[in-house]
Structure formats: structure tokens, C-alpha cells
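Here the structure comes first, spelled out in C-alpha cells, and everything after it is commentary.
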Amino acid sequence: MAAAAPAADHPEAPHVPVLIDALIAAVAPVEGRWVDGTFGAGGYTRRLLEAGAAHVTAIDRDPAALAAAAGWAAAKPGLTLVEGRFGEMERLVEGPVQGVALDLGVSSMQLDRAERGFSFTHPGPLDMRMSGQGASAADLVNGASEGRLADILFHYGEERAARRIARALVAARPVETTERLAEVVSSCLPRPKPGQSHPATRSFQALRIAVNDEFGELIRGLEAAERLLAPGGALAVVTFHSLEDRVVKRFLQVRSSDGGGGSRHAPVVEAPAPTLRLAPRKAIAPSAAEVAANPRARSAHLRVARRTEAPATPVDRAALGLPGPADWWAA
């Protein structure tokens, strides 16, 4: 998507739209109807409207984000705010549309509010729910089996000490605050060297991803965007850590491939016509100036593709590099 703490993925900083200038340049001309699937503080929506979008449907699962924008959004005739998940955009938006923008991960607004329970730098209840609904991180930590916790920490946080941490969390139950979670995780790991991130960073990221089903939401959102876009329409995705960037990269590669032309050593591979065209072919990274002005941008990547006229077909999720066992991602 967009760790549940200021870390290498999501450092704490005032909200600044990351790679927004690069995004606007890559998708130009901006026109017609757009979907901003991750509204947040509204930075992408504002710029899309300023750049020429006739209308933006801005989606966010966090009712607090929409409430915070209600005042200025009411003065924008080309803007519609919708509470929901971007994986549901086909249900929330009438297509086709000329563009879809996704800024993945957790927002600085969520990180900075202690009561949301995303960050160990702001002691609070162990919550982490972007929507405020469903099972919280405390429910997961205190109710899941040791094996399930270990799988989550390993696959979503790339935490090598996942089994040790899971065992400690089960022994420490109930774990009900961000501060206590950080203490338990830190007790399992070496003290960080200068310049290294907090020991609990990976665990907070993993739990946040699990609580919010971020990879399920990502793949549903990519599939929905492909179906919703008009021919020539743009899909622009900003990622902040390697796991989500890998999924976006592979999705775009798979959907832009024609299967290859074969050779005398290998037969031609039968494949559906490409539904996307990479534009540009490689990810766009932030400039040194943007990173200096906004440290949150330093790990960001922007990937852009254009919709072709080929009809969308079912996606082979096994080819997308989704973290975890294959049975987690059955359609």
C-alpha cells in the first residue's frame, strides 16, 4: 500500500504529496474523470483538479480523513468524496474513467494521532485500523495463534526473528498498547546500532498490513482499476516499501506482456493481448531535492501504465509476488 511507525518506509513528517510533480508529468494531459483511491489529506486530488481533471472521485476508508476535508471539498465542484476501499472502486465509481491514482501505505495523519495506535513513538491503544472497523491489532496480537503471528511477522514484515517474537507476544498477553508491543518486540532483538531503525519497526509494519488487509486491497484495487479505465487511461501507483512495489511491478509487467515471440529453442507462448502499456517502462524515483524537502519520499517509487483496448481477463495472482502462502491469495 503506504510501517505503523516512522521508519524507513514511512518516516514521520508533515503530509506532503510524494512524487506528485512526477505523477502529473507522467500522466499528462490530465483530463476527464479520475479516481484518487487513497485520498488521505487530499494532496493528489487537489493537484489532479488543478492540472485539468474535470472530476475526481476521492475514496478513503478512513472517515476521519474525509471529515477533515469536508470544508474545502464542498467548495470544489469537480470533487466527490466517497467513504470506502479503493478495491471496491468499480462499485463506488461509474466507469469508464481516464485515470486512477493510488498512494499506498499509512498516512502521516494516522501516524501522528496516538489514539489510532499506529506508532510506537505515540503511546496509545493498539488499534491500527484505517477504517476504525473490524478487528484491531490488539485483537490480532491477543487472539491469533503463535504460528499465525509468526507467519504475519515473517511475510509482511520480513522479520527474521518472527518465531521468537511471536512466542514472546503470546507469553506476554494481553498486549494492549503500542508501547507494550514495542517493549515485547524489542526484548527479542539486539539493541539497534546508531542509524538503524527501531527494533519494532518491522513488526509494527507487519501487523498494520494484516489488520488492514493491505495486500488483498492492493491486488483488488489494481484489478478493479484495469477494468475501470478507458482505453488510453492512466494508472499511477506510488509505493513506499519493497513488498508492495514488487507486487505493483509484477502486476504491470504481467498485464503489459504479450507472452513473448518464442525462438528455435522455445515455442511461442500463448497469452491474452496486453491490457496495459508501461509508460515509462521503469519506476520513477524522487529527486534528491524532493527527498531533502520531504524525507518520507526517500523510499518511494512511482509506476505508471496506460490502458490498452484489450479486454481485461482474470489475473494469475500466483505470478504477482504476493507475500505469504499461495492460499492467502486465492481469488
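The values are calculated or read from the model by the stated rules, or taken from the named source; none is laboratory data. Owing to the predicted nature of the structure, the values given are computational and were not obtained by experimental measurement. Positions of Cβ are backbone-derived with ideal geometry, glycine not excepted, and every protein chain shown enters the neighbour counts.
I'd like the full set of residues that are in a helix (DSSP H, G or I) and farther than 16 Å from Arg167 by Cβ, limited to segment 181-199. Spell out how you get there, then give the answer.
Narrowing segment 181-199 to residues in a helix (DSSP H, G or I): 181-186.
If the condition is that a residue be in a helix (DSSP H, G or I) and farther than 16 Å from Arg167 by Cβ, then Ala182 is the only one that fits.
Out of the residues in segment 49-73 that are under 18 Å from Glu217 (Cβ atoms) and β-branched (Val, Ile, Thr), which is surrounded by the fewest Cβ atoms within 10 Å (Cβ to Cβ)? Taking the candidates together, the pick is Thr57. For first residues located in segment 24-40 and farther than 8 Å from Gln98 by Cβ and assigned by TED's automatic domain parsing to the domain that holds Glu83, partners that are among the aromatic types (Phe, Trp, Tyr) and surrounded by 22 or more Cβ atoms within 10 Å (Cβ to Cβ) and lie 6+ apart or on another chain with Cβ distances below 7 Å form the pairs Asp36/Tyr44; Gly37/Phe86; Thr38/Phe86. Taking the criterion of being under 28 Å from the mean Cα position of the chain (by Cα) and not in a helix (DSSP H, G or I), the residues of segment 159-180 that qualify are Glu159, Arg160, Ala161, Val175, Glu176, Thr177.
Every condition in (1) buried (at least 24 other Cβ atoms within 10 Å of the Cβ); (2) within 30 Å of Val30 (Cα to Cα) holds for Arg250 except the one numbered (1).
Does segment 189-201 include one or more residues that are over 18 Å from Met128 (Cα atoms) and crowded, with 24+ Cβ neighbours inside 10 Å? Scanning segment 189-201 turns up no residue that is over 18 Å from Met128 (Cα atoms) and crowded, with 24+ Cβ neighbours inside 10 Å. Within segment 159-180, identify whether any single residue is touching a helix residue (DSSP H, G or I) at 6+ places or on another chain (Cβ under 6 Å), under 30 Å from Val56 (Cβ atoms) and among the β-branched types (Val, Ile, Thr), and answer yes or no. Within segment 159-180 (the criterion being touching a helix residue (DSSP H, G or I) at 6+ places or on another chain (Cβ under 6 Å), under 30 Å from Val56 (Cβ atoms) and among the β-branched types (Val, Ile, Thr)), the answer is no, since none of the residues qualifies. Taking segment 202-221 as the range and being crowded, with 24+ Cβ neighbours inside 10 Å and either touching a Leu at 6+ places or on another chain (Cβ under 8 Å) or β-branched (Val, Ile, Thr) (or both) as the test, the residues that pass are Arg202, Ser203, Phe204, Ala206, Leu207, Ile209, Ala210, Val211, Leu218, Gly221. Scan segment 82-101 for residues that are of a type in the set (Gly, Ala, Ser), closer than 21 Å to Pro231 by Cβ and at pLDDT 95 or above and jot them down. The answer is Gly99, Ala101.
In segment 295-304 there is no residue matching the filter, namely being modelled with pLDDT of 95 or more, polar (S, T, N, Q) and touching a helix residue (DSSP H, G or I) at 6+ places or on another chain (Cβ under 9 Å). Of all the listed residues (Leu229, Leu207), the sole one being of a type in the set (A, V, I, L, M), under 30 Å from Glu90 (Cα atoms), assigned by TED's automatic domain parsing to the domain that holds Phe154 and out of contact with any Cys (no Cβ under 8 Å at 6 or more places or on another chain) is Leu207. Put simply, of Ala182, Ala138, Ala150 the only residue that is in contact with a strand residue (DSSP E or B) (Cβ under 9 Å, 6 or more places away or on another chain) and closer than 29 Å to Asp103 by Cα is Ala138.
Condition check: of a type outside the set (D, E, K, R), at pLDDT 95 or above and more than 26 Å from the chain's Cα centre (by Cα). Does Ala206 satisfy that? No: the conditions fail for Ala206.
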